[in-house]
Amino acid sequence: FDEDHMSGYPDLVKRGIGCTSEAPNYLHAQTGGHPYLTQRICSIIEKRRPTVMSIDEIDSAVEEILQGDASIDSLVHQLSKDDEALALARRILRVDHNQPLRFSRVDPTIGRLEIIGGLPTADVAVPT
């Protein structure tokens with residue numbers, strides 16, 4: 001496992017926390033690449049100061065998030081007040097990743113969903 005793989009985790013590197021070879025792919029699989037979730041898991045791991053980010057460390061951080069997270073709670077609350085954004089979020093979560101939805105900030109529902117943090121990446125697309 002070389003330092004290039006750790007380039008996405010600069011705070012962990014600064015703290016002297018290494019990474020097992022399977023951890024980056026596992027972290028991506030757990031978060032779907034969502035920037036907030038990736039950052040949040042790394043932040044939890046960083047605060048615990050293990051010597052290595054491992055699958056067990058990632059699983060433990062995920063469990064902590066599942067017990068409660070203010071940003072995710074806020075997202076759920078915002079979605080509960082916006083039926084269109086909730087329906088779109090559900091559609092995005094069910095999408096076949098080999099056929100992504102087309103994304104356009106011109107669609108006001110997409111814009112609201114992006115603003116409240118409900119989109120995993122900027123290349124998710126507008127449903128047709």
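Okay, here's what the table says:
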{"item": "Amide H contacts under 5 Å for Val52, placed H, 5+ residues apart", "result": "Gly18"}
{"item": "Cleavage-rule hits, trypsin sites (Lys or Arg not before Pro), the range 1-90, DSSP coil, Cβ neighbours within 10 Å at most 15", "result": "Arg15, Lys81"}
{"item": "Tyr36 - accessible surface, heavy atoms, 1.4 Å probe, Å² rounded to 10", "result": "70 Å²"}
{"item": "With DNA, RNA and ligands ignored, accessible area of Arg49 (1.4 Å probe; Å², nearest 10)", "result": "150 Å²"}
{"item": "Paramagnetic reach from Glu64 in the range 21-43 [backbone N under 12 Å; point 7 Å along Cα→Cβ]", "result": "40-43"}
{"item": "Nearest-10 value in Å² for the accessible area of Val76, using the 1.4 Å probe", "result": "90 Å²"}
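The values are calculated or read from the model by the stated rules, or taken from the named source; none is laboratory data. As the structure is a prediction and not an experimental result, all values here were calculated from the model. Positions of Cβ are generated from backbone atoms using ideal geometry, with glycine treated the same way; all protein chains shown enter the neighbour counts. Calculation scope for accessible area: heavy atoms of the full protein, side chains included, ligands and nucleic acids excluded. Shrake-Rupley method; radii C 1.70, N 1.55, O 1.52, S 1.80 Å.
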